[in-house]
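Just so you know, all these numbers are worked out from the coordinates, no wet-lab data involved. If you're wondering where the values come from, they're calculated on a predicted model, not measured in any experiment. Virtual Cβ from ideal backbone geometry, glycine too; neighbours counted across all protein chains shown.
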Amino acid sequence: MDMIVENNIFRFIYCNLVNTNESCSDFGNFLGILPLGFEWLAFLISGFLLCFIYINGILGAVILSIWGERRLYGRFQNRSGPNRWGPMGVFTSTADAIKVMFKEDVVPVDADKFLFNLAPVLMVFPVFMVFSVIPVGIGTFVVDLNVGLLFILAVTSLSGLAVVIASWASGNRISIFSGLRAVAVLISYEIPMALSLVGVLMLSGTLSLNGIVEAQKIPFILLQPLGFVVFFLASLAEINRTPFDLTEAESELGAGYLNDYSSMKFGIFFLAEFAATIGASAVIATVFLAGWKGPEILPSHIWFGIKLILVLGLIVWVRMSWPRMRIDQILHLAWKGLFELTLINIIVTTIMISIKPDPSVNEMWIMAIINWVICIFSLIIVSKFLNRSVKDNFSNLKNTTPYPVGTEKIKSSFINKKEMVN
């Protein structure tokens, strides 16, 4: 029953149902609706209502996120629709929601129907699991796992499985190409994402998200700038956001692995993408921005919401500013850029922790200055190395014989090779 003591929402519901538990005595006077002996029923009802509140809160946040992002996109791209159709542009998103609900649900004849229907569920389910361990305020969470950060890394890896199932079940070669390319990106960026959190674990000494928030005497973004940069970019790749949105790549592969999905199945994928964006922003706000911590002039939930909105705004800004990268550039960045930056961050953090195992606040500020200098220097060096590698690859491509395209006459050398193969 430790959850009753730690979780304010659970305890509030439970104590109003059964006001006989010792943990309710210091929390105020409550109704005590259920009679004695029904504590087990109160426990089940409280757990159900807690999950119900969180799930509907996530859905409401997704609706607000879609509306807010589309308004920002309209401002960035000078499009009037998302901002002027209806009060504050509400009718645009409303019309899209109605259209998705009433569209015909088409399933390809050659599709594996079971896997085809399972993929949207597998895509959205891990996102809701991520929110279960994120504290959105003091004593406001579903469960406080002592391995919460490891739990998030584990469940988010299921999204790659959902993409592969969706692409394979469609029986569409375009979807399969997109799914295979997506697996390469997702697996590549899971490694730097996990390594970028090692410095945070060394500073906090815990995997619990509540413990990480409590350990932040100053926000870890100041002590771990390299970790923040790597985790932010890896998160964009994991949630398929620009410039890493190759899993869909509308201009190249139609709609990618979503090519054959319609109606509410497509809507569930759309929901999962926006919910994953909010989830990634919540994790960044918790791990690097001290979560719900802030001056007492505002409640802890308000501080968490402000930090969450700031990270969401940064993601939208990146999406509207950067073009999509090629698959080779994305993998090049993961293995020859971000991976090396995580190693530098781990080495520097290890040296600092060895010198000052329990630093004071003033010593943390000195560590922050040193880390920012190293971060800027490392980013400059790695970026120059990446640019040089890209130029070398481009020079090599210029010296190779191009394969003929449909508008060119096939050279005799290619015809002779084909006859030799036959």
Too long at a 22 Å Cα-Cα cut-off: which of LYS217/LYS356; LYS217/LYS307; LYS307/LYS384; LYS113/LYS265; LYS336/LYS356?
-> LYS307/LYS384; LYS336/LYS356
At q = 0.15, 0.16 Å⁻¹, what base-10 log of I(q)/I(0) does the Debye formula yield for segment 138-237 when every alpha carbon is treated as an equal point scatterer in vacuo?
-> -0.71, -0.77
Sorted largest first, the C-alpha extents of segment 117-393 along its principal axes in whole angstrom are 59, 50, 29
Kindly state, to the nearest 0.05, the FRET efficiency for LEU201 paired with GLU104, given R0 = 35 Å and r defined as their beta-carbon distance.
-> 0.10
